[in-house]
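One structure is given here, and the rest of the page talks about it.
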């Protein structure tokens, strides 16, 4: 895969230039007093000048001015010295994420927000909204021009819509100036393609990733390993029950479990089908693996591939999987999807990684978080066999990102806050929180014991393995309408109102219509740029 | 009145003869005075009714969406004549949503009416515990619709209380089933709004003169005859109000369905309100939504005008 480097986008190597270069580039060299006289030096590890203090392991999250967080703090201090820093920044974010920023991960530890306030004195006003509604609030703010927030957060997929509406600031200049460590080869995202995927839109830096919603497969190892289950599977399928590698195997396992009771109530094999919006990524995952190495949702000219033979075949498989899903699956959000695994109702699910954080393990009072505690495990994404290779594919879907509001009078300070929050040390500290929707995705996150205790050691290799094999969902202007159109048609097929072929034909028509209307706004260019962010990794079968 | 206005006129600053002349004219002319009194309200109305409608009309003639990145007043750059109006005529999504809305209205409102009427009839007479039952009966309509939606969402789960009570298997899905989802929504709406119907109808029934009912009873009229010949004719205006109120509210149904099914499965419970919400916030197709909104307003206004004319003609 060749990745063409956009003119405004620095490479990972450039992102990693040392502090001296960054200081020179940002003109902060004259601010030596800030760098050399840290306020809480006595509590910091040698060489560190900022970050959390006062709890065991705090040094793992500390930084100095040569590090991404340190550069952000120094940047703020420079703005303050020049009288250009605000006293307060306002951020709109899903209410389920607020505690992750504002509360310490345990008593006695430092909350990320406290560290920020201590080091900059800038207050952060956090305004919460339900996770499903947060982008509606973003668009309300953009269209009314009220400029109520300096920073928006919302689904990564909506970046295109926000950029098209003129609501987000292109942060390429700030990225160049302050050099965040998002692409650090040791601590950040593992490939340049992933940096592009999460932090750029149309080759410019608009979103700042605060989440890693790469759908990851979880299964009930405790059920899989039961001798009765193994025997029954062997008898019925003629092979040992093992975690699936392909969609065919997923379907076989789903079919096997449906209607059976292995001592925990009736099971349903497929945990992936859900209501509109929440069930869509499963279809995309399946679709992405229909061809080798990828089945792109659009061809090179930006023409949708939905009603191609492979697209229709995928829709037929998707519809067939309803027969193995829980009865109310088409009304499930991710929460009910998680509950179906926690209640031992489904053996497999591809979902957000917080399923393990909230459902596997023990509460403070020593009681299990769910019936699935101790029974869960994770496995690699599934794909299809092409000769001696498998193209395992997952998808990036939702994934909370931050954007700087184009109405914000404090764009630079807002960016610096986001850089500080999303840099690998602070972000890892945030991942240590047992609450919240922000999920890990940086390499540093998966090496941190506190993160492993939340997201479980069994997922610490699976998640990055999944991330590397994930493709992007739609994220260009008109994405919401396109996802909605496909979703609606798929649901029509799932409820028997249309055949898979009719549904795909209709979805294709709607997508073409949307593309026609958005053509003048650069949708084709965005589609082509998105193709560059698709992984081409394949594994031996 | 004349004295007071005369005093006001005489208190006007000297030298403003023309103005004083005008105002004394206004003070003497009841029509002009009235106009001045309502002028502030008219200006307010202009701002809160005429301007938004004008803005809608303007947007509906363009392709403008927030994704354009231009302010709404520059929408003329994507002027499309009346294409949004042509589109709505041929939009199957809109028509099917409209059909489902009418279906809910056509089923839920008559059921609420019949139940409300029956309950009201039971509550005409005094009986022990009447006040308590009355309070209990009215409770559902005082609950926030979103809460009712959540209640019924939980009740109708495959493993929920309804299936458990009736011994139905967990696979008997209510909200994810194409047909039963609509029934579930209607049941929830009937549960919540029958009390309102009951309340209005009971008020109407209590307004029927007791002497007439008593006389009818003395003359040997049965309960049914009394109801049909005396109560029902006297309640006609109240019934009309109750039906219109509930029909209008039912047409706007949103919260309940949004919580229970989000319009699903597929679009099986998507009403016109949910469709508009989806077009507005999911598809961000604001110019089209403006066209739909104006068309609905126009159609409903025409229907209302026709209804009023019909009533007036009948009375005459």
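Couple of notes before you dig in:
- Taking the criterion of being assigned to a helix (DSSP H, G or I) and either more than 11 Å from chain A (Cβ to nearest Cβ) or over 14 Å from residue A:277 (Cβ atoms) (or both), the residues of the stretch B:276-286 that qualify are B:276, B:279, B:280, B:286.
- If you go through the stretch B:252-273 and keep only what is part of a helix (DSSP H, G or I), touching a helix residue (DSSP H, G or I) at 6+ places or on another chain (Cβ under 6 Å) and buried (at least 18 other Cβ atoms within 10 Å of the Cβ), you end up with B:256, B:257, B:259, B:260, B:272.
- Hey, residue A:482 in contact with a strand residue (DSSP E or B) (Cβ under 9 Å, 6 or more places away or on another chain) and either surrounded by fewer than 20 Cβ atoms within 10 Å (Cβ to Cβ) or assigned to a helix (DSSP H, G or I) (or both) or not: yes
- For the condition in contact with a helix residue (DSSP H, G or I) (Cβ under 7 Å, 6 or more places away or on another chain) and either modelled with pLDDT under 90 or closer than 30 Å to residue B:96 by Cα (or both), residue B:230 does not qualify.
- Note on the stretch B:29-62: residues that are over 22 Å from residue B:289 (Cα atoms), loosely packed, with under 14 Cβ neighbours inside 10 Å and in contact with a helix residue (DSSP H, G or I) (Cβ under 8 Å, 6 or more places away or on another chain) amount to 1.
- Answer from A:448, A:525 - the residue that is over 17 Å from the mean Cα position of the chain (by Cα) and surrounded by fewer than 17 Cβ atoms within 10 Å (Cβ to Cβ): A:525
Conditions (1) at pLDDT 95 or above; (2) surrounded by 24 or more Cβ atoms within 10 Å (Cβ to Cβ); (3) assigned to a helix (DSSP H, G or I), marked per residue:
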| site | (1), (2), (3) |
| --- | --- |
| A:317 | yes, no, yes |
| A:371 | yes, no, no |
| A:404 | yes, yes, no |
| A:408 | yes, no, no |
| A:420 | yes, yes, yes |
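- Residue within the stretch B:141-156 that is more than 30 Å from residue B:52 (Cβ to Cβ), within 14 Å of chain A (Cβ to nearest Cβ) and not in a helix (DSSP H, G or I) present: yes
- Unmet criterion (only one of (1) more than 14 Å from every other protein chain (Cβ to nearest Cβ); (2) touching a helix residue (DSSP H, G or I) at 6+ places or on another chain (Cβ under 6 Å)) for residue A:239: (2)
- Residue that is nearest to the other protein chains (Cβ to nearest Cβ), among those in the stretch A:319-351 that are in contact with a helix residue (DSSP H, G or I) (Cβ under 9 Å, 6 or more places away or on another chain) and in a loop (DSSP other than H, G, I, E, B): A:328
- Within the stretch A:140-199, helices (runs of 4 or more DSSP H) holding 2 or more residues that are within 14 Å of chain B (Cβ to nearest Cβ), in contact with a strand residue (DSSP E or B) (Cβ under 8 Å, 6 or more places away or on another chain) and closer than 19 Å to residue A:477 by Cβ: A:159-164
- Residue match in the stretch B:187-195 (condition: over 29 Å from residue B:101 (Cβ atoms) and in contact (Cβ under 8 Å) with a residue 60 or more places away in the chain): no
- Candidates B:120, B:97 - the one that is in a helix (DSSP H, G or I) and within 14 Å of another protein chain (Cβ to nearest Cβ): B:97
- Count of the stretch A:280-312 residues, restricted to those that are surrounded by fewer than 16 Cβ atoms within 10 Å (Cβ to Cβ) and either closer than 16 Å to residue A:249 by Cα or modelled with pLDDT of 95 or more (or both), is 3.
- Within the stretch A:506-527, the residues that satisfy the criterion of being part of a helix (DSSP H, G or I) and in contact (Cβ under 8 Å) with a residue 40 or more places away in the chain are A:507, A:508, A:511, A:512, A:515, A:518, A:521, A:523, A:524, A:525, A:526, A:527.
- Among the candidates B:208, B:185, residue that is assigned by TED's automatic domain parsing to the domain that holds residue B:123, within 18 Å of residue B:241 (Cα to Cα) and surrounded by 14 or more Cβ atoms within 10 Å (Cβ to Cβ): B:208
- If you go through the stretch A:486-500 and pick out every residue that is part of a helix (DSSP H, G or I) and either modelled with pLDDT under 90 or at the interface with chain B (Cβ under 8 Å from one of its Cβ atoms) (or both), you end up with 4.
Rundown of residues vs (1) more than 25 Å from residue B:108 (Cβ to Cβ); (2) in contact (Cβ under 8 Å) with a residue 24 or more places away in the chain; (3) away from chain A (no Cβ under 14 Å), yes/no style:
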{"site": "B:198", "(1), (2), (3)": "no, yes, yes"}
{"site": "B:204", "(1), (2), (3)": "no, yes, yes"}
{"site": "B:235", "(1), (2), (3)": "no, yes, yes"}
{"site": "B:239", "(1), (2), (3)": "no, yes, yes"}
{"site": "B:245", "(1), (2), (3)": "no, yes, yes"}
{"site": "B:252", "(1), (2), (3)": "no, no, yes"}
{"site": "B:260", "(1), (2), (3)": "no, yes, no"}
{"site": "B:264", "(1), (2), (3)": "no, yes, no"}
{"site": "B:274", "(1), (2), (3)": "no, yes, no"}
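- Filter result for residue B:175 (more than 13 Å from every other protein chain (Cβ to nearest Cβ), buried (at least 21 other Cβ atoms within 10 Å of the Cβ) and touching a residue at least 12 places away in the same chain (Cβ under 8 Å)): no
- For the stretch B:160-171, the criterion of being within 14 Å of another protein chain (Cβ to nearest Cβ), more than 29 Å from residue B:198 (Cβ to Cβ) and in contact (Cβ under 8 Å) with a residue 12 or more places away in the chain is met by at least one residue.
- The residue of the stretch A:265-277 that is nearest to residue B:281 (Cα to Cα), among those that are within 14 Å of chain B (Cβ to nearest Cβ) and surrounded by 22 or more Cβ atoms within 10 Å (Cβ to Cβ), is A:276.
- Among the residues of the stretch A:422-435, those identified as more than 18 Å from residue A:53 (Cβ to Cβ) and surrounded by fewer than 24 Cβ atoms within 10 Å (Cβ to Cβ) are A:434, A:435.
- Considering the stretch A:528-541, and only residues there that are more than 20 Å from the chain's Cα centre (by Cα) and not in a helix (DSSP H, G or I), the residue that is farthest from residue A:193 (Cα to Cα) turns out to be A:541.
- Just one of the listed residues (A:526, A:541) is out of contact with any helix residue (DSSP H, G or I) (no Cβ under 9 Å at 6 or more places or on another chain), modelled with pLDDT under 95 and either more than 13 Å from every other protein chain (Cβ to nearest Cβ) or closer than 18 Å to residue A:162 by Cβ (or both), and it is A:541.
- If only residues of the stretch B:103-131 that are more than 15 Å from residue B:204 (Cβ to Cβ) and at pLDDT below 95 are counted, the one that is surrounded by the most Cβ atoms within 10 Å (Cβ to Cβ) is B:130.
The values are calculated or read from the model by the stated rules, or taken from the named source; none is laboratory data. Predicted, not measured: the structure shown is a model, and the values here were computed from it. We place every Cβ from the backbone using ideal geometry, glycine too, and count neighbours over all the protein chains shown.
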